[in-house]
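Data first, discussion second: the structure below is written as C-alpha cells.
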2 protein chains.
Amino acid sequence: MYEKKIYENLDCGINVANKILGGKWRACIIDSIARGIRRPSGLQREIPEAPSRVIQMHLRELEALQVIRKETTGSFPLKAEYFLTPLGESALPLIAAMDQWGNANKEYVQEVYAAMIAEDAANS
Amino acid sequence: MYEKKIYENLDCGINVANKILGGKWRACIIDSIARGIRRPSGLQREIPEAPSRVIQMHLRELEALQVIRKETTGSFPLKAEYFLTPLGESALPLIAAMDQWGNANKEYVQEVYAAMIAEDAANS
DNA sequence: TTCGGTAGGGATAAAAAGTTCCCTATACGC
DNA sequence: GCGTATAGGGAACTTTTTATCCCTACCGAA
C-alpha cells in the first residue's frame, strides 16, 4: 500500500495480529466480508464513514497478505467479489472477541475519553 | 498525549479495542505490566526496541484511559509503579488471544510479507 | 565531585495512516 | 446523448503515530 521504510518485527504474535487487524477499518472490512458483503460497492455502503479510497487500499493489502481472495467476473456487469481465505476465517473469533470486549467497555471508555478531551480543551 | 483533530467514533466495539490495544507497543506494555514488570525502567529493559520516550507516552495515555494506575513512592529511591486497573485486567484474555493467533500464523504472514517486500523492491 | 540509576518531558523529525479530489473505463436504462 | 452504476487508481494533502535528541531533577555510591 504505502512503502514502508522501517523493518517490521513480526516475531511477536501481537505485532502480527496488529498488522492484520489493526488500523481504523481493517477488522470492520473483514467482518463485513464474513457477513456476506462481498463486493466493493456493498462494502462502501456498509461502512459509509470510511472513504472508498481507503477501503480499496485495504482490500488490496488484505489480498496481498492473503487474508482475503478476489474473484472477478471479467465480462459483465463488472463484478468483483472478495472472500475470506482460511487465514481470514481464522481471524474471525479474534475479531468477535475484540468486538465483544470493546462493546462491554464502550460506555466506560467513552466517558473517560470525553473527560480527557474536556481537560485538553481546558488546558488550551 | 497528542491533540486529536478528528472525532473518534467509539460506538463500534472494534474501534474501542483498537483504541486501547492498537499501536505498536500498547499490548506489549500492558502484557509486561501484567507479568509483574511494574516500573518504567523495567519496562524499558523489557522492550528495548521501543524508545523510552514512546513508552512514557503510552504509560501516560493508558493511565488517562484508566487501563493502568500509577503509584509513586514520592520520597526515595524515586519509585513509580504501574498496576492494571480492572479494565486493564479485563483486556488480558484478549491480548492473550491476539498473541496466540498471531503466533499461530506468524510464519505464514512473515513469508507473505517477505514476498510483498521483494515484489515492491522489484517494482522500483 | 563525578557517575550511575531513577522518573520524566520539550522540541522536532520522520514515517505511516487516513482523507480528499478527481480521474479512467465499461455498459445499462432512459 | 446523459445519468448512473460498476471497479479502480493517481496525486496531493492532513492527521496521527513513532522515533530521535537532548534536557531537568533527585539521591546514593565511589
Checklist line | Per-residue HN-Hα couplings for segment A:88-100 [Karplus 6.51, -1.76, 1.60; θ = phi - 60°; Hz; x = Gly/Pro] | finding: x, 4, 5, 7, 4, x, 5, 4, 4, 5, 4, 4, 5
Note to self: Less than 13 Å Cβ to Cβ from residue B:106, Lys/Arg counted +1 and Asp/Glu -1: what total charge do the surrounding residues give?
What the structure shows: -4
Notebook entry, point to check: Helix B:52-64 versus the longest principal axis of chain B: what is the Cα-based angle in degrees, 0 to 90, to the nearest 10?
Noted result: 70 degrees
Next item on the list: Treat each spin label as a single point 7 Å out from the Cα along the C-beta direction, and report the residue B:103 to residue A:45 distance in nm.
Entry: 4.4 nm
Notebook entry, point to check: What nm distances, shortest first, do you get from the label point of residue B:51 to those in the other copies when the point sits 7 angstrom along Cα to Cβ?
Noted result: 2.6
Note to self: Ordered shortest first, which distances in nm separate the 7 Å Cα→C-beta label point of residue A:93 from those of the other copies?
What the structure shows: 1.3
Notebook entry, point to check: So what is the orientation-averaged projected area of the protein assembly as shown, using the convex hull of its C-alpha atoms, in nm²?
Noted result: 15.7 nm²
Margin query: Can you tally the net charge around residue A:81? Count Lys and Arg as +1, Asp and Glu as -1, for every other residue whose Cβ sits under 11 Å from the Cβ of residue A:81.
Written below: +4
Next item on the list: With unit charges on the beta carbon (Lys/Arg positive, Asp/Glu negative), name the residue among B:16, B:55, B:114 whose Cα is farthest towards the positive pole of the charge dipole of chain B.
Entry: B:55
Checklist line | Inter-label distance, nm, simple model (7 Å from Cα along the C-beta direction), residue A:117/residue A:79 | finding: 4.3 nm
Margin query: Under the √(5λ) rule applied to the eigenvalues of the Cα gyration tensor, what semi-axes describe the equivalent ellipsoid of chain B? Give them in Å, descending.
Written below: 30, 19, 16
Margin query: Quick check for me: using +1 on Lys/Arg Cβ and -1 on Asp/Glu Cβ, what's the dipole size of segment A:13-122 about its Cα centre, in debye to the nearest 20?
Written below: 600 debye
Margin query: 5 Å is the cut-off here: which amide hydrogens, built 1.01 Å from N in the peptide plane, fall below it relative to residue A:8, excluding neighbours closer than 5 in sequence?
Written below: none
Notebook entry, point to check: About its Cα centre, what dipole magnitude does the protein assembly as shown give when the only charges are +1 on Lys and Arg Cβ and -1 on Asp and Glu Cβ, stated in debye to the nearest 20?
Noted result: 220 debye
Next item on the list: Under 11 Å from the Cβ of residue B:12, count the other residues' Cβ atoms, weight Lys and Arg +1, Asp and Glu -1, and hand me the total.
Entry: -2
Next item on the list: Please work out the Cα center distance from segment B:26-66 to segment A:1-49, rounded to the nearest Å.
Entry: 26 Å
Margin query: Could you work out how much longer the chain between residue A:5 and residue A:71 gets when fully extended? Use 0.36 nm per residue separation minus the Cα distance between them, nm to one decimal.
Written below: 20.6 nm
Next item on the list: Compute the label-point distances linking residue A:111 to its equivalents in the other copies; points lie 7 Å from Cα along Cα→Cβ; give nm, one decimal, shortest first.
Entry: 4.8
Next item on the list: Calculate one ³J(HN,Hα) per residue across segment B:7-21 by plugging θ = phi - 60° into the Karplus curve 6.51 cos²θ - 1.76 cosθ + 1.60, and present them in order as whole Hz with x for glycine and proline.
Entry: 4, 9, 7, 9, 7, 8, x, 4, 5, 4, 4, 5, 4, 8, 9
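Bear in mind these aren't lab numbers, they're just calculated from the coordinates by the rules spelled out. From a predicted model like this one, the values you see are computed outputs, not experimental measurements. Here Cβ is always computed from backbone atoms with ideal geometry, including for glycine, and neighbour counts include all displayed protein chains.
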